[in-house]
Amino acid sequence: MRLVAATALCAIPLFAHVGSPDVFFEGEAGPYRLLVTVRTPQVIPGVAEVEIRSASPDVRQVRIVPLPITGPGAKFAPVPDLARRSERDLQFYTGSLWLMSTGSWQVRVAVDGTRGPG
């Protein structure tokens with residue numbers, strides 16, 4: 001019975017994430033390991049909030065840009081926005097991106113740091 005109760009308690013926090021519109025990515029941008037969260041807007045047009053955490057302190061600059069997955073806009077990227085570095089946590093960056101039409105989108109993240117671009 002205790003095992004069932006412990007399992008049920010562990011399952012509740014996991015279930016709370018199901019159905020979230022947020023998108024998470026953990027991976028490499030060149031030599032930099034990044035954790036990226038994109039909080040999609042509730043309506044379109046709307047603003048997506050982007051959070052980037054670098055696993056290393058040697059990142060100097062992060063740029064973000066929204067692109068559609070397919071079509072002409074996927075090949076011709078606009079000028080990327082500069083993500084703001086947190087004053088309290090120098091490995092944490094945030095930015096806001098306008099999404100003006102519905103569809104499948106990607107957010108490209110470019111990093112520059114002491115180990116070169118990524």
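I need the trypsin sites (Lys or Arg not before Pro) found in the range 19-85, filtered to DSSP loop residues with at most 14 other beta carbons within 10 Å of theirs. Before the final figure, lay out the partial values.
Numbers: sites: R33, R39, R53, R60, R63, K75, R84, R85; in loops: K75.
Answer in residue order: K75.
A crude spin-label estimate for the pair I44 and S56, with each label 7 Å from Cα along the Cβ direction, gives 3.6 nm.
Please give the net charge around P80, taking every other residue with its beta carbon less than 14 angstrom from that of P80, where Lys and Arg add +1 and Asp and Glu add -1. Walk me through the numbers before you get to the answer.
On the way: positive: R63, R84, R108; negative: D81, D112.
Around P80, the charge tally is +1.
Exposure proxy shown here: for I52, I64, I69, I44, the number of other Cβ atoms within 10 Å sets the order, fewest to most, as I69, I44, I64, I52. Sort the range 21-117 into rounded, prolate or oblate with this rule: let a ≥ b ≥ c be the square roots of the eigenvalues of the Cα gyration tensor; rounded if a/c is under 1.5, and if a/c is not under 1.5, prolate when a/b is larger than b/c, oblate otherwise. It comes out prolate by the Cα gyration axes. Between A74 and T102, the modelled labels are 1.9 nm apart [label points 7 Å from Cα along Cα→Cβ].
Shape class for the range 73-117: oblate, because the ratio a/c of the largest to smallest gyration tensor axis (alpha-carbon atoms, square roots of eigenvalues) is 1.5 or more and b/c is at least a/b.
No value in this document is a laboratory result; all are computed from the given coordinates. Predicted model only: the values in this text are computed from it and were never measured. Virtual Cβ from ideal backbone geometry, glycine too; neighbours counted across all protein chains shown.
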